[in-house]
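**Student:** What follows is a structure written as structure tokens; I'll ask about it next.
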Amino acid sequence: MITDNYKEVEANVIEACKKAGRDPKEVLLIAVSKTKPLSDIEELIKIGVKDFGENKPQELKAKFEDVSTPVNFHQIGHLQTNKIKYIIDKAVLIHSVDSFHLAEAIEKEAAKRDMIANVLIEVNIANEESKFGVKKEETEKLIREISVLPHVKIKGLMTIAPFVENPEDNRLYFREMKHLLLDIKSKNIDNVDMETLSMGMTNDYKIAIEEGSTMVRVGTAIFGERNYAI
Ligand SMILES: *Cc1c(COP(=O)(O)O)cnc(C)c1O
């Protein structure tokens with residue numbers, strides 16, 4: 001079931017790339033396994049899936065330690081400074097950096113381990129009250145501040161688009177994100193890569209790909225609905 005779902009999403013990703021004249025190799029499909037058991041992850045590992053997304057640092061840590069084969073875990077959810085220690089040397093990429101305070105705390109933990117932490121800057125592109133993320137207008141300033149931290153490497157931007165009935169409604173936000181990425185890239189800030197654009201979820205990943213996403217984070221379409229009560 002999960003395997004079939006994954007293959008269907010993968011086919012849709014390829015289809016969306018074709019439609020947009022893009023190379024499917026440019027888009028990484030991250031299977032968002034938050035709240036789901038390790039057995040679900042193992043099922044996908046059997047067909048060669050390597051990238052998984054988690055929200056809770058302790059859950060990422062536990063799955064990282066218990067999984068049968070090493071795979072890439074992405075910290076996609078909001079990160080509190082006191083939880084960095086759980087994932088700093090386990091997450092391949094932290095998608096959710098939205099303040100200098102958080103970046104500084106990541107710097108400290110990374111320096112302790114003599115490693116470089118790869119991060120994305122989370123942008124609240126639709127200015128939603130309920131969402132984390134830096135405002136679009138403040139993104140470049142934040143990136144310039146973080147860029148001087150020697151153990152933190154900015155790889156690009158991430159956003160969580162609004163929850164909408166019609167995914168077409170998010171197209172303009174995805175387009176704005178791509179423009180923001182290119183604008184900041186053109187500034188050639190030292191120690192900053194602007195190659196990764198993490199956007200698109202179950203509801204809207206096809207549109208996100210058409211608008212330039214390089215990482216889509218898909219949970220429900222692969223693993224089914226989540227039950228937060230358990
Ligand atoms: C849960 C989550 C996803 C996946 O959401 P689905 O709608 O289930 O695909 C993607 N990104 C983030 C940051 C999430 O928290």
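**Student:** Please pick out the residue among 183, 169 that is open to solvent by 60 Å² or more (accessible area, probe 1.4 Å), within 16 Å of the ligand (Cβ to nearest atom) and not in a strand (DSSP E or B).
**Tutor:** 169
**Student:** Could you please let me know if residue 202 is open to solvent by 30 Å² or more (accessible area, probe 1.4 Å), under 24 Å from residue 49 (Cα atoms) and hydroxyl-bearing (Ser, Thr, Tyr)?
**Tutor:** Answer is yes for this residue.
**Student:** Something else now. Scan the range 35-68 for residues that are among the basic types (Lys, Arg) and open to solvent by less than 70 Å² (accessible area, probe 1.4 Å) and jot them down.
**Tutor:** Within the range 35-68, 36, 61, 63 meet the criteria.
**Student:** Write out, first by first residue and then by second, each pair whose Cβ atoms fall under 9 Å of each other, whose residues are 6+ apart or on separate chains, and whose first residue, in the range 169-187, is polar (S, T, N, Q) while the second is assigned to a helix (DSSP H, G or I).
**Tutor:** Note: pairs meeting the criteria are 170/207; 170/208.
**Student:** State the number of residues belonging to the range 191-223 that are more than 16 Å from the ligand (Cβ to nearest atom) and more than 17 Å from residue 139 (Cβ to Cβ).
**Tutor:** Selection size over the range 191-223: 2.
Residues checked against (1) hydroxyl-bearing (Ser, Thr, Tyr); (2) open to solvent by 10 Å² or more (accessible area, probe 1.4 Å):
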residue	(1), (2)
101	no, yes
106	no, no
120	no, no
124	no, yes
132	no, yes
149	no, yes
152	no, no
159	yes, no
173	yes, yes
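**Student:** Return the residues of the range 1-23 that are over 21 Å from residue 168 (Cα atoms) and surrounded by 15 or more Cβ atoms within 10 Å (Cβ to Cβ); say none if nothing qualifies. It would help to see each step written out before you state the result.
**Tutor:** Our first condition is that a residue be over 21 Å from residue 168 (Cα atoms); within the range 1-23, this holds for 1-7, 23.
Within the range 1-23, 2, 5, 6 meet the criteria.
**Student:** Of the residues that make up the range 218-229, is at least one basic (Lys, Arg), over 16 Å from residue 28 (Cβ atoms), open to solvent by 30 Å² or more (accessible area, probe 1.4 Å) and in a helix (DSSP H, G or I)? Before the answer, list the steps.
**Tutor:** Filtering the range 218-229 for residues basic (Lys, Arg) gives 226.
Add one more test, that the residue is over 16 Å from residue 28 (Cβ atoms), and what stays is 226.
Of the ones still in play, those that are also open to solvent by 30 Å² or more (accessible area, probe 1.4 Å) are 226.
Then drop every residue that is not in a helix (DSSP H, G or I), which leaves none.
Checked the range 218-229: no residue is basic (Lys, Arg), over 16 Å from residue 28 (Cβ atoms), open to solvent by 30 Å² or more (accessible area, probe 1.4 Å) and in a helix (DSSP H, G or I).
The values are calculated or read from the model by the stated rules, or taken from the named source; none is laboratory data. Nothing here was measured: the structure is a model prediction, and the numbers come from that model. Ideal geometry is used to build each Cβ from the backbone, glycine not excepted, and the neighbour counts take in all protein chains shown. With ligands, DNA and RNA removed, areas are computed over all heavy atoms of the protein, side chains included. Shrake-Rupley method; radii C 1.70, N 1.55, O 1.52, S 1.80 Å.
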